[in-house]
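The structure under discussion appears below in the form of structure tokens.
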Amino acid sequence: MTIKSLDAFLSERLNTLPLDILRDSRLGIDAHHYIARALDLHREPLSEAIGGFPVALKQTLINDIALFKSYQIKPVFVFPGHSVSDESNATRIFDISRVTDSFRQRAWTQYETDSAQKTSKFPLISGGSFHYNLVGFNYEHILPELIDILFQHDVEYLIAPYLSWAQLVYLYQEDLIDAIYGPNELLLSTSLEKFIFSIDTLNQEFKYADRIRFLQELNISQQQLLDLSITVGCDLQPYTLPLLASVPQARIFQIGIDMLLRQGMSIYSMLVQAQDELSIDRFQRGVVASRFIPVMKTDGRVGCFNYDEKKENAIDNQPPPSDVHDVIGQRLPHEYYFYESMGLIQTHVLEDIVSGKHVVRHPLDGGNEHYKSLVASVVPFFKNKEYNLLTQQMARFYQVKQMVYARYFDRKESKLENRLSIPIFSKISKIVVRSTTEKEFSLKKFVDSLQSSDLVSEPPSKTASEPGKLQSNYDIIATALLRELYLIGFFKFENSAIVANEWTPALFALSSISEENLSLSLLLLITLKLKAFDLTHYITSIRPFSKSQEVLVRLASFIQISQSQSHYKGPINKKILSFRSALDLIKTHTRDLFECVLVSELAKNEVSRIHKTNQEWRGLVSQIPFKETTPSTVFAQIMESLLIEFNTGASASDSKAAIFKFFKDGSSGSVSDPQKDFNRFVQLFDETCSKILPVLENGKLISDELIVSFKEAKDIVSSLN
């Protein structure tokens with residue numbers, strides 16, 4: 001979060017220069033600030049009603065990268081990492097989650113009321129917004145795909161251990177970047193005189209802030225600016241303190257300036273005078289965080305910003321207080337921060353370990369009873385394994401730490417079984433894949449090798465030299481993925497060999513799936529195994545109701561549409577969104593577990609790491625499976641609309657023509673090629689029915705009800721195709 005209400009105040013005091021000034025420079029970009037401005041400029045009011053990766057953001061990012069390259073500007077994107085102070089406090093997270101969910105529920109109520117009054121045969125197009133503007137866009141769920149876009153366009157990125165703007169200031173001090181494009185909090189750094197606040201790509205110019213001039217115009221000191229920023233709320237201290245809590249939020253900073261000049265005393269003195277112990281504590285924490293916020297340094301270690309451990313006895317090198325971890329958070333191994341900086345593991349997993357708590361927020365639809373029951377089964381299943389894998393490579397303090405998870409729907413904390421007498425890594429350490437032919441990872445090559453008699457190799461010994469360790473990206477990722485599939489329960493492992501269980505034939509059946517559908521089919525298998533696909537609740541509005549058509553709409557949720565450059569403006573469906581929430585829960589935890597297995601593999605020194613460059617690490621990240629964002633609900637909405645039209649008695653060709661035209665050329669007008677998307681869906685469905693369903697039926701792995709529904713759905717697809 002930025003310094004509250006300062007942006008409007010700062011915008012009046014910016015200067016403008018042509019973009020050409022930055023030619024041949026390295027531009028550090030605060031990714032959080034960049035995303036916020038991109039989404040503000042290209043608003044997508046339905047992004048939280050359909051989920052998925054915001055189309056405007058993706059296209060804006062690609063266009064901006066091309067513009068930077070035309071000026072020989074080398075962008076370096078820095079993403080924020082761990083939160084400071086109470087940002088990770090469960091109560092605060094729940095409060096924010098509740099407010100945003102209430103806003104979305106009101107928007108859904110209005111949409112459903114309007115839908116009931118519509119006269120057109122086509123679904124109603126929403127004209128409202130589902131995004132609560134006072135809370136920033138949470139891009140955590142799209143970060144893996146965002147990083148992949150940057151890698152594909154040869155753009156450097158870094159995930160900071162804590163605040164991205166603080167990391168950028170450090171990079172600037174070390175002459176690793178020439179300029180910074182970032183948020184208003186850069187005004188708090190005395191090391192930076194000027195920074196870019198906004199870039200106008202259309203006019204190819206940028207606006208920058210001059211810190212010294214800004215302070216002079218306001219007639220305040222640097223310390224007063226810091227004090228006021230902490231009081232109104234910013235990254236260093238997120239709460240608005242009682243001194244200004246009752247004033248209009250839009251003018252809170254300006255009123256704070258007036259208060260400073262009028263009172264003639266420091267804010268800290270005012271807090272002491274008011275005898276507000278909680279506010280004093282929060283204020284002090286903000287000041288300490290501003291001085292000692294951790295950053296990743298040039299030697300790869302994470303340390304306090306204004307303290308150099310190598311110059312411990314220097315006069316101007318003030319060490320942090322011994323209890324600084326109470327303000328900023330418990331320290332993790334330097335190695336883990338490095339893996340996080342490359343995108344090998346998501347920040348929220350490590351942040352959970354620091355806080356000792358995993359917080360389950362409201363899903364986009366608000367969460368139905370099926371989702372709540374899924375949370376109760378899925379979260380412990382994955383988190384027990386994730387936390388045990390990571391903490392067993394850490395200090396004893398973390399190994400014995402009792403982890404809990406808190407749920408949005410009852411706010412109760414439940415203990416996790418992360419402390420095991422036999423560490424999980426000891427169970428998977430002998431599952432190792434080595435290939436003499438493959439260097440780069442491919443899911444197709446991996447699946448094709450599953451039935452090979454020599455799939456599992458000897459694990460690297462503890463004393464193995466670099467050549468004896470896992471070398472190629474294929475070996476590293478394949479080993480981690482095979483270990484994860486074992487942990488999920490797709491096979492047993494006994495006497496250094498894979499032993500089949502009831503789910504193993506279904507896993508082997510993936511070898512006959514086409515490469516373009518392979519990742520979707522694997523995710524479908526995991527979803528079926530964890531019972532997230534069961535027909536215990538219904539998501540379609542099709543009448544008369546049909547379980548076979550329900551299956552089709554659910555499977556359509558796996559398809560990402562080929563969307564035009566404009567944002568989606570079509571109809572929406574809350575029940576379909578609820579299934580997407582369940583699918584996203586499974587996919588997110590599947591990726592998290594994979595990353596934890598991978599990091600444990602690295603931390604146990606099984607991988608040759610010494611000579612890897614940053615680019616090679618990023619290349620490894622780019623090949624990790626499950627990086628794509630869970631698709632939006634748009635194609636599932638298209639499928640439902642198509643089935644409703646087909647049920648009226650219209651022919652298949654007329655139904656497709658009408659619905660595809662509506663979503664492509666009509667008032668929706670944001671789906672570029674619905675016929676192509678439909679063809680891909682048909683291919684996925686046919687392969688599921690012909691390759692996977694028979695194995696599931698023979699092994700009685702899913703309910704008879706679901707088997708029958710798939711078979712009946714096959715007749716519908718044949719009629720539509």
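Observations
- When the Cα convex hull of the range 165-276 is projected onto planes of every orientation, the mean area is 8.4 nm².
- When the pairs Lys385/Lys587; Lys383/Lys444; Lys69/Lys569; Lys357/Lys430; Lys444/Lys587 are compared against a 24 Å limit on Cα-Cα distance, Lys383/Lys444; Lys69/Lys569; Lys357/Lys430 fall above it.
- Rg [Å, one decimal], Dmax [Å, integer] - the range 472-511, C-alpha atoms: 10.7, 32
- Proximal charge balance of Val232 [Cβ under 11 Å; K/R count +1, D/E count -1]: +1
- Legend: ranking of residues Lys574, Lys412 from fewest to most surrounding C-beta atoms inside 10 Å; resulting order Lys412, Lys574.
- For Ala179, distant residues with modelled amide H under 5 Å away: Arg26, Gly28
- Normalising the average separation of contacting C-alpha pairs (under 8 angstrom, six or more residues apart) by the number of residues puts the relative contact order of the chain at 16 percent.
- Ordering of 236-243, 505-512 by burial proxy (mean other Cβ atoms within 10 Å per residue, highest first): 236-243, 505-512
- Taken as Cα centroids, the range 429-498 and the range 521-597 sit 30 Å apart, rounded to the nearest whole angstrom.
- When the trypsin sites (Lys or Arg not before Pro) in the range 1-88 are filtered for DSSP coil states and for at most 14 other beta-carbon atoms within 10 Å of their beta-carbon, the remaining sites are Arg13, Arg23, Arg43.
- Distance from the alpha carbon centroid of the range 189-242 to that of the range 279-358 works out to 23 angstrom.
- Label-point separation in nm, Arg251 to Ser452, each point 7 Å along Cα→Cβ: 7.1 nm
- For the range 586-637, radius of gyration divided by Kirkwood radius, i.e. Rg to Rh on alpha-carbons: 1.13
- Rg/Rh (Cα only; Kirkwood hydrodynamic radius) as it applies to the range 329-478: 1.02
- Per-pair calculated FRET efficiency, R0 = 25 Å: Glu516 and Asp715 via Cβ, rounded to 0.05: 0.50
- Spin-label model distance (nm) - Ser322 vs Thr536, 7 Å beyond Cα toward Cβ: 5.2 nm
- Put in line by how crowded their Cβ is, counting other Cβ atoms within 10 Å and starting with the fewest, Thr436, Thr60 read Thr436, Thr60.
- In the range 220-328, inverting the average of 1/r over every pair of distinct C-alpha atoms gives 15.4 Å as the Kirkwood radius.
- The fraction of Cα-Cα pairs per 10 angstrom bin, counted from 0 for the chain, comes to 2, 13, 23, 26, 20, 11, 4, 1, 0 percent, rounded to whole percents.
- Trypsin sites (Lys or Arg not before Pro) restricted to DSSP loop in the range 577-650 with at most 15 other C-beta within 10 Å: Lys612
- Spherically averaged projected area in nm², based on the convex hull that wraps the Cα atoms of the range 106-230: 13.2 nm²
- In order along the range 153-158, phi translates into HN-Hα couplings of 9, 6, 10, 5, 8, 8 Hz, rounded to whole numbers, per the Karplus curve 6.51 cos²θ - 1.76 cosθ + 1.60 with θ = phi - 60° and x for Gly and Pro.
- Here is the list for the range 328-420: GluC sites (Glu not before Pro) lying in DSSP coil, each with at most 16 other C-beta atoms within 10 angstrom of its C-beta, are Glu417.
- Peptides 712-720, 287-295 ranked from most to least packed give 287-295, 712-720, packing being the mean of other C-beta atoms within 10 angstrom over each peptide's residues.
Throughout, read-outs are computed from the coordinates displayed, never taken from laboratory work. It should be emphasised that the depicted structure is a prediction, and the values quoted were computed from it without experimental measurement. Every residue, glycine as well, gets a Cβ built from its backbone with ideal geometry; the counts of neighbours run over all protein chains shown.
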